[in-house]
Amino acid sequence: MDFNLSDLQRMLLDTAERYLAERFTLEHRRALRDTADGLDTEAWSTFAELGWLALAIPEAQGGLGGTMADIAVLGAALGYRCVALPFTSSAVIAPMILAESDAPQGGLLQAIAEGISRVALAHDEPDERYNYSAGRRTMLTDSGSGWTVTGQKMLVLDAPSATHLIVSAGGDDDFTLTLVPADAEGISSSPYPLLNGARAADIVLDEVAGGIPLARGRKARTLLANALDYGRIADAAQMVGSMEADLALCSAYLKERQQFGQPIGKFQALQHIMADMFVATHQARSILYSAIAAAEADEATRSRAVSLARINIAEAHQIVARQAIQLHGGYGITDEYEVSHHYRHQIVLEKLYGDVDFHERRLAAD
Amino acid sequence: MAIMNFELDPALEAFRQEVRAAIDADLTLELKAGMQAYAGSQAEPDDALTWMRILNKRGWSVPHWPIEYGGTGWSAMQLYIFNEECCNAWAPDTCWGETQMCGPVIYTFGSDYLKEKFLPAFRRGDYYLAQGFSEPGNGSDLARLRTAARREGNIYIVNGQKIWTSSAYASKWGFFLVRTDPNVKSQAGISFLMIKLDTPGITIRRIPQLNGEADLCEVFLDNVVVPAENLIGEEGKGWTYAKFLLDHERTTSSFIFFNKRELARAKMIAQNEAQDGEPLIRNPHFRSRLLRIEAELTALEWSVLRELSHEDFKYDATAAASTLKIAGSRLQQSINELQMDMLGAKAMRAFPFDPADREDAPLWPGYAETATSRALVMRAATIYGGTLQIQKGIIAKLAFDL
Ligand SMILES: Cc1cc2nc3c(=O)[nH]c(=O)nc-3n(C[C@H](O)[C@H](O)[C@H](O)COP(=O)(O)OP(=O)(O)OC[C@H]3O[C@@H](n4cnc5c(N)ncnc54)[C@H](O)[C@@H]3O)c2cc1C
């Protein structure tokens, strides 16, 4: 075992840290709230130039063929700066599905790598809660002249800036994943912001034609399950990065803030809080590694490792991000200090693709 | 030795029915709906004042004050029942600065002039009042506050800055702690001053918060002229009055009624949100969290009742107040965070804070519009009114002399 970064990973991390620190300042992130779709288009082009959007695409398909460890290195750097761009959806989850599909996709993977196309996963439907195994009410039907998709999707992360959607459809027996252009006729979208400035949408698909079925049945289920676990690991890495930022922000604040004639970091009560946060964050990074190690294992092994990691990291996040606010006193609950941004970002990452209860149930089932 | 008696006085049940009927008759649907759709912790200042005015018609707006200033003469248990009924009916809070904090200081220490000027106005709900204590450099360490009031004849000239002044933007007056004597030990130089917020030299900035709200304010005071008759009590005694004020309502900081009402809302959400067709109230993870909270809340309620019925307490009374504050604030957080967690992925959405800015969201349950915002802002419950760490320090010192 070697937990030190490879030379390539070190370069990836150095570049990411330097670029993201410069670009994703608090002011810049707050300004992105005023954009229509939350996307920083200039940054997205830079992500493409730096190869980040090709990281998860296999070399055979024109990508960099990066490992889950590479993705996690970048993920932690993104989390450290609270970056809420469509990285996980477009550069991790979608490529995992597209690369394994035999259907012709018109060079979509290449367009993702180049930053031209972005793909969102439209899976959740109304009146359900983290349901990735039951059939969908959205239907894919053969109209004679081609496939049409009809249904209602909810909470489609990053849909407002997406060029394409991967739509899950079909009941238990005919589950499918279908690629549709986001601007296809029959699609109507109600967008809204999330707590961290990312965007999502509820989407009605009304006899949307022109879709490309990517996978069906067992294969579709497996692709979805694999892609979601990769997404969960990528998001976990971002949570760890965000918690590590909390450590840096708080330790600096404890040295700087004076009360009772001394830096508040001199109070042992706060030193111990800081130490608890440190332990939680350290453990979170460790269990992240255990999930990365299982990323290429069989589905049962991998999903178990991912769920254990997500539970531990969710609990660590609650300690770290909440105490980060507490240590800042009143400043912690304003929108004008970093710690409340990290708290909101971590809440979103924690609640994507399964919460603690979901992972507990997934573990209980095996 | 006193005999333990766990029974509620039967006459109180009749009182509860009377109060409930009155609230039912008086509370407008608009106020009620406003509270149910409210995404912050305390009511909107306008709603609080509207409710004060309604209560005042019955003589109930400041029931806990002495009768001569408009109180009702109700017993501690009657007050408890009244407050519980108001909260359960989704009545707005009243203006705490007036009813719980500044009012009692004025009727206890203020001049006749100040009593006449402020107490009837507070009681009637004429305007909102802000609390100007904390400063950018002085939160926990309030005694070293720096905002200075220099006496010149029959006026004070005030210079300095306050922060975290809740609802200052919507308030007409504020009660301020200011330093009138820079030459004595920190607590001794502090005075308690009423300042009208539209006085020239005052600038107010609203601070955007993590939940989209901007209730907290910064108040800048630049050569603000304040009549000396606005001084409450004696110069240099402000710290004593502030301590009196913070000790005055020992049990309110438990937020017992808010916590009970929000637990009821959590259970309602648990009935509505389902996993694989099964309501979360039957889901082991969420049921366990609900029951643990209910146990903690039951303990808190009985702690409050012990305080109200003046149980002889072995430890310092202020340590008891800190106990209620710690347990109550912990529940404010855990209950609202449970509501948020039960929403699952739906908790991620940032709804506008102001209900008027929210678009129709037919796929979304109404409670999703406010639960996350409240959970976020409840992080403040272990910060305001003396942080959790400060409360723990009080217990260690006053209960155990550590
Ligand atoms: C929502 C909200 C509403 C408020 N409303 C008002 C209002 O209307 N009027 C008003 O005047 N003020 C108000 N406040 C201010 C509040 O009273 C202060 O925020 C509080 O006293 C803490 O001060 P601070 O924010 O400066 O934090 P600091 O005192 O700087 O505390 C920072 C951290 O240091 C810790 N710390 C400080 N001293 C010690 C110590 N001795 N030992 C151990 N740990 C310590 C604290 O616990 C905290 O974790 C409000 C605050 C909030 C959040």
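A few comments on the model shown:
- Residues of region B:365-384 satisfying the condition of being in a loop (DSSP other than H, G, I, E, B) and touching a helix residue (DSSP H, G or I) at 6+ places or on another chain (Cβ under 7 Å): B:P365, B:I383
- A single member of B:S171, B:S166 is crowded, with 17+ Cβ neighbours inside 10 Å, within 15 Å of the ligand (Cβ to nearest atom) and more than 28 Å from A:Q258 (Cβ to Cβ), and it is B:S171.
- Residue in region B:109-117 that is within 16 Å of the ligand (Cβ to nearest atom), more than 14 Å from chain A (Cβ to nearest Cβ) and out of contact with any Asp or Glu (no Cβ under 8 Å at 6 or more places or on another chain) present: no
Matching residues to (1) free of Cβ contacts under 8 Å to residues at least 60 places away in the same chain; (2) surrounded by 19 or more Cβ atoms within 10 Å (Cβ to Cβ):
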| position | (1), (2) |
| --- | --- |
| A:L228 | no, yes |
| A:Q271 | yes, no |
| A:A275 | yes, no |
| A:A300 | no, no |
| A:S303 | no, yes |
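- Scanning region A:130-169 for residues that are within 14 Å of chain B (Cβ to nearest Cβ) and free of Cβ contacts under 8 Å to residues at least 40 places away in the same chain yields a total of 3.
- Residues being more than 8 Å from the ligand (Cβ to nearest atom), farther than 20 Å from B:S334 by Cα and either assigned by TED's automatic domain parsing to the domain that holds B:N211 or buried (at least 17 other Cβ atoms within 10 Å of the Cβ) (or both) - total across region B:372-396: 2
- Being under 22 Å from B:G393 (Cα atoms), outside the structural domain of A:G79 (by TED's automatic domain parsing), touching a residue at least 40 places away in the same chain (Cβ under 8 Å) and in contact with a Ser or Thr (Cβ under 9 Å, 6 or more places away or on another chain) is a property that A:A324 has.
- Tally of residues being away from the ligand (no atom under 13 Å from the Cβ) and polar (S, T, N, Q) across region B:206-218: 0
- Any hit, region A:235-252, residues being in a strand (DSSP E or B) and surrounded by fewer than 21 Cβ atoms within 10 Å (Cβ to Cβ): no
- The residues on offer are B:I293, B:I256, and the sole one that is surrounded by 18 or more Cβ atoms within 10 Å (Cβ to Cβ), free of Cβ contacts under 8 Å to residues at least 60 places away in the same chain and not basic (K, R) is B:I293.
- Test result for B:A356, within 28 Å of the chain's Cα centre (by Cα) and either more than 20 Å from A:E125 (Cβ to Cβ) or within 11 Å of chain A (Cβ to nearest Cβ) (or both): yes
- A single member of B:G328, B:G344 is within 8 Å of chain A (Cβ to nearest Cβ) and touching a helix residue (DSSP H, G or I) at 6+ places or on another chain (Cβ under 8 Å), and it is B:G344.
- Residue identified as buried (at least 18 other Cβ atoms within 10 Å of the Cβ) and either away from the ligand (no atom under 16 Å from the Cβ) or in a helix (DSSP H, G or I) (or both) among B:L245, B:L193, B:L221: B:L245
- Among residues of region A:340-362 that are at the interface with chain B (Cβ under 9 Å from one of its Cβ atoms), those with a beta-carbon under 8 Å from a residue that is outside any helix (DSSP H, G or I) and buried (at least 24 other Cβ atoms within 10 Å of the Cβ) at least six positions away or on a different chain give the pairs A:R344/A:L195; A:I347/A:L195; A:V348/A:A84; A:V348/A:L194; A:V348/A:L195; A:V348/A:A198; A:L352/A:L157.
- Leading residue by the ranking (surrounded by the fewest Cβ atoms within 10 Å (Cβ to Cβ)) among those in region A:318-331 that are farther than 12 Å from A:M243 by Cα and more than 7 Å from chain B (Cβ to nearest Cβ): A:Y331
- With respect to the conditions (1) assigned to a strand (DSSP E or B); (2) more than 13 Å from chain B (Cβ to nearest Cβ), A:R221 lacks only one, and its number is (1).
- Summed over region B:22-60, residues that are farther than 20 Å from B:G71 by Cα and assigned to a helix (DSSP H, G or I) total 13.
- Residue that is farthest from the ligand (Cβ to nearest atom), among those in region B:148-163 that are of a type in the set (K, R) and away from chain A (no Cβ under 14 Å): B:R151
The values are calculated or read from the model by the stated rules, or taken from the named source; none is laboratory data. This is a predicted model, so every value here is computed, not measured. As a convention, Cβ positions derive from the backbone with ideal geometry for all residues, glycine included, and neighbour counts pool all protein chains shown.
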